[in-house]
1. Just to verify a number: FRET efficiency for T132 and A152, C-beta to C-beta distance, R0 = 22 Å, to 0.05?
2. In Å and whole numbers, how far do the C-alpha atoms of the stretch 150-243 stretch along each principal axis, longest first?
3. Taking the simple approach of a point 7 Å from Cα along Cα-to-Cβ for both A42 and C179, what is their distance in nm?
4. Once the Cβ-Cβ distance between V34 and D161 is put in as r, and R0 is 35 Å, what FRET efficiency do you end up with, to the nearest 0.05?
5. Using per-residue counts of other Cβ atoms within 10 Å, averaged over each peptide, order 160-172, 198-210 from highest down.
Amino acid sequence: MKLGSAPWLIAALGLLASSSCSSSSSTDAPTGPVGGAVMSAADAHCAGQPVGVSDPAVCKSTTPASSGDGAAAGAGGAPSTEMTAAAGAGPVDAMGAAGAPACTFAHDADYGETLFNSSGDDDDCKYQIAWTATPIRKGENVTFTVTASSKATGAPLERIDAQRAGALALSRVEPYFPCDPTHLTPAADLHAPITETAPGVFSVGPIVFDQSGRWVVRFHFYEECYDSETSPHGHAAFFVDVP
């Protein structure tokens, strides 16, 4: 019997093919809980402090100030330096208030406090930083979008003449595990590609979090400049929960 004389057979085959395709595509999208910023009171560490001034002329000063980036090549959370409890620690812990170890609220004293939420000021009160991310899950690619501007002028952070030609204001993004600062993401993530998508807006990634729990993500700005209160060099770090 020819297929042309059995339309029911053709319809059945079409239905089977359609069912097979829809079943396959439904399993492609990642599922499960999504992580993100750890919420708490708004950042106020610069309250009552003078707005920091970023002077490009200080970028390559002949007398560099003491820098929190002594391990700028990527030593993570500087495990050799003192780790102290973040001021105001004790908000509701998004991963479980009852059992969170104190180290999840720790920060590297050389860099200033690690911040809650997804926006805040850098350690020298020079810049305002905000970030968003694609869905954050263990073992999956994550892309961050970082927006940075001057607190003094409101202008977006851009390249400066004192930098190496072509260097972006956002130098790199450093993820690490605060309860074990030597635990970093895969090496490639410490040098994840950074693209300036608009003045002061940067896309960074992909970055892969290979462990569930509370991470710190530190954004480094103008890292080629010496670190001082008036140099363009600055940092801002945020807590990020990974399911």
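Values quoted throughout were computed directly from the atomic coordinates according to the rules given, and no laboratory measurement underlies them. All figures in this text were calculated on a predicted structure; none of them were measured in a lab. As a convention, Cβ positions derive from the backbone with ideal geometry for all residues, glycine included, and neighbour counts pool all protein chains shown.
1. Details: r = 24 Å, r/R0 = 1.10.
For R0 = 22 Å, the calculated efficiency reads 0.35.
2. 40, 26, 22
3. Going by the 7 Å Cα→Cβ label model, 3.2 nm.
4. On the way: r = 41 Å, r/R0 = 1.17.
With R0 = 35 Å, the Cβ-Cβ based efficiency is 0.30.
5. Working: 160-172: 15.3, 198-210: 17.6.
Going by the mean number of other Cβ atoms within 10 Å, highest first, we get 198-210, 160-172.
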